[in-house]
Each structure stands twice: as structure tokens, then as C-alpha cells.
Amino acid sequence: MNLIINRLAIAGYAIYKAGINYFKSDVNNKNIVIIFQQVFGDAVILLSTLKEYEKLFPQSDGYHIKLLLRPQILCFLNDIAELPNNIEYIPIEFKNIVNDYDYFKGVVNEHCVNIEYVIVPGTSLSAELLSSASNARRRIGLVQAFQRQWPPHMWLFQKLAYSEKVIPKIDEMMLQRHRRLLHYLGYTEFKAILPVLKYQKSIIQEKYIVIAPGASSYVKCWPLDRFVLLVEYIVDKYNISVFLCGSKEDKYRSEYISDRLNNNSKVHNYVGKLKFYEWSSLIQHADLVIGNDSATIHLAAAHKTKAICIAGVYDKYQFFPYRIDVKDVLPVAVFKEKECSWCRTKGYYAGYGNKKCSNAIKEGKPAKCISEIDVKDVTDKIEYIMKLK
């Protein structure tokens, strides 16, 4: 009951502030707040544009940029990349933004008042609540290619959150969508390119392939029994070591795979055991990286390591297949074309509009577009990539 009261209070306060600020959005003081609620993979993609915000809003002209992001994401980015110096990084517990009224109100009053711009380079409910409650003169959001209609509270706060919306093309990948946002803000020379990460010393002294069986949601995760078959195929065919990687939450996935292998002497379980820079190193020096739609594949892309992503089409093109504006080494995506593509883009949740898929997801299974990918679909891509010089 207390949680419900907190959420109703947060929604009421955001609506109240949005109503007041609608008539008083005349701040002109060069304070910029970028609200970035997303997780590890999204953060890797964001890196390609952070320095460009410094160029758009130079400190020498009096601009002050704050980037609101999760504490763990800030630690991650500090480990894997050189962050721009002229941005103030503010760690925010975004879960509390939607669950704790006092915390939400405190963040609004400390960081979202007396500012000229709010920029949201990737929408979410927590980001839109903060933007709705801000008194920024311009509130600019990079939204979805499809205008959100469902669920109703998401539709409402996306309406309230932004005075200006940047709407990407349906076939633009997230790097290109960030480029579109920068063009809208005035930096029209920027092209969508891969981010640059720190060079890391190798922590493994042999040739190896990385398998990442987890993701930020089970909806994205290819069935574990197929990962077992995939690992056995790689070891048997290429006689190469395989390293499993992922977060602590993926521990049961890696143990499931390890326990069912006929020969696991070449398979090493690093899931939940690596620091951020070690994770980056493992990916950077691999011969090949294979995984679900996850941060591991985005790290591989940034390091220009050959990679295969087992991807769904719930938000097709937004993350996979990779698309940028210049030629480069890009991950190969394995996916099934479906009539119900873009379901998560249209309805916020994967499976929207497809009862069989949504019922499977309710049972704890992956989206249908993931579960229909066969082992051979992946091994065919492995054979193609391993033949390349």
C-alpha cells in the first residue's frame, strides 16, 4: 500500500509541476541536464556522443552540463572509457524515482529546476517524470519511431515530459538516433560512429571465444539448452577455449551450461567474476563474441571484435542489426523476420499485440522471435565469420 501511495504522489507531483511550468518555462541560464536512465549496453552507445555535447554547449561560453545516470553505470564508464571533463556526472537511483516520493522530489528540486535545457537521449518513465517536473525552457526527448499509445501512464508522461520531440526513422539504429538528436540540437556535422573505449591489457594468454548467455531481461535470452549445443559445437569443431561471461544475475545460466557439457575442460566460467575493465579486456582480445542482445555485444562492437548477436525483432534496428554512417567492423545479427516486429516499440513491453508471445513471456520464456532461432542459424554465422581473415 505504501508503494502505491508513493507512486500516486510522484505522478501527482509531476503533473502539478508540469502544469505550473507550462506557463513559466522562461529560464535562460545555460544550465543543461541530460537524463540517462538506461543500462550498460545503452551507456556504451551513448559514449559516441558525450564529447559532442561538450562541443554543443562549451564551458567557455558559460554552459554547465549535468549528466544524471545510475551509480553503477558511472563506475562502468569510468573503467572502460575516457569521459569528457566538462560534464558533471550525478549518480541517481532511478528505481527510487518511480517508487519513493521524497527521493523523487529531492532530485527534482536539486537538479531539475532553474535549468534551460532538459535532454533525454532515450525515453523511460523515470526520465519522463523528471522532465515533466522540471522548469526547463526546452525539454527535448529522443522518442520512439512509433508514437506511444500504451500503456496509458507512459503515454501521458511522454506527452507532459517534452516541449520538443525528436522522432527517428523506423530503420535507424540507436547510434544513428543519437546522431539525429545532435543534428536537431545544432551539431549537423556529426556522423553515427562506433564509440571509442580504453585499450585494456589482455587477461587471457590464448585464443578464445566468448559466450554471453544472459541479458538485461530474460525476454531477450536464447534458450540455455541451445547454448549448451552451441558451446559443444565450438569446442569440437575449432578446438578453442570458450569463456562464459556476464553479471552475477547470470550465474545460474552459466552453471546450467557448464553442468550439461560432455567435455568442459576448455570452457571457463567467468560469469560474475570480472571487474568492469576485465570484462572489457576479455571482449577486446577475443577471436569471436557470441551472445544475446546485451552490453557484451555492444562492447564487442566498440572494440571492433567480431561478434554475433542472437537478436529479437521486438525493437528491430534500434539496437540490432547494427547500423552506422561509416564503414566499420560491426556485429552480425541472427534474427527471424516477424509480422509482429517492433512490438516493444509500439507497446512498451515485448509481446504487445501477440497473445502467444505475451503468454510465453508471462511464463518466464523468451520472446517468440528469440525462441524460434535454431542452433544452426547461429553456427552458420560462426562458420562464415571464422573463415574471414
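The values are calculated or read from the model by the stated rules, or taken from the named source; none is laboratory data. Everything numeric here is computed off the predicted structure, so don't read it as measured data. Here Cβ is always computed from backbone atoms with ideal geometry, including for glycine, and neighbour counts include all displayed protein chains. Quick note on the areas: whole protein, heavy atoms, side chains included, nothing else; ligands and nucleic acids left out. Shrake-Rupley method; radii C 1.70, N 1.55, O 1.52, S 1.80 Å.
Do any strands (runs of 3 or more DSSP E) entirely within segment 23-106 hold 3 or more residues that are on the phi < 0 side of the Ramachandran plot and either surrounded by fewer than 18 Cβ atoms within 10 Å (Cβ to Cβ) or within 16 Å of the chain's Cα centre (by Cα) (or both), and if so, which?
64-69, 87-91
Assess whether Ser258 counts as being under 30 Å from Lys362 (Cβ atoms), crowded, with 16+ Cβ neighbours inside 10 Å, at pLDDT below 95 and under 23 Å from the mean Cα position of the chain (by Cα).
no
Just one of the numbered conditions (1) surrounded by fewer than 17 Cβ atoms within 10 Å (Cβ to Cβ); (2) touching a helix residue (DSSP H, G or I) at 6+ places or on another chain (Cβ under 8 Å); (3) touching a residue at least 60 places away in the same chain (Cβ under 8 Å); (4) over 19 Å from Val334 (Cβ atoms) is not true of Tyr233; which one?
Unmet for Tyr233, out of (1) surrounded by fewer than 17 Cβ atoms within 10 Å (Cβ to Cβ); (2) touching a helix residue (DSSP H, G or I) at 6+ places or on another chain (Cβ under 8 Å); (3) touching a residue at least 60 places away in the same chain (Cβ under 8 Å); (4) over 19 Å from Val334 (Cβ atoms): (4).
Taking segment 157-175, which residues are buried (at least 20 other Cβ atoms within 10 Å of the Cβ) and under 17 Å from the mean Cα position of the chain (by Cα)?
Answer for segment 157-175, where residues must be buried (at least 20 other Cβ atoms within 10 Å of the Cβ) and under 17 Å from the mean Cα position of the chain (by Cα): Pro168, Met173, Met174, Leu175.
Counting only residues that are open to solvent by less than 10 Å² (accessible area, probe 1.4 Å) and of a type in the set (S, T, N, Q), which one in segment 126-156 is farthest from the chain's Cα centre (by Cα)?
Applying the filter and picking the extreme gives Ser134.
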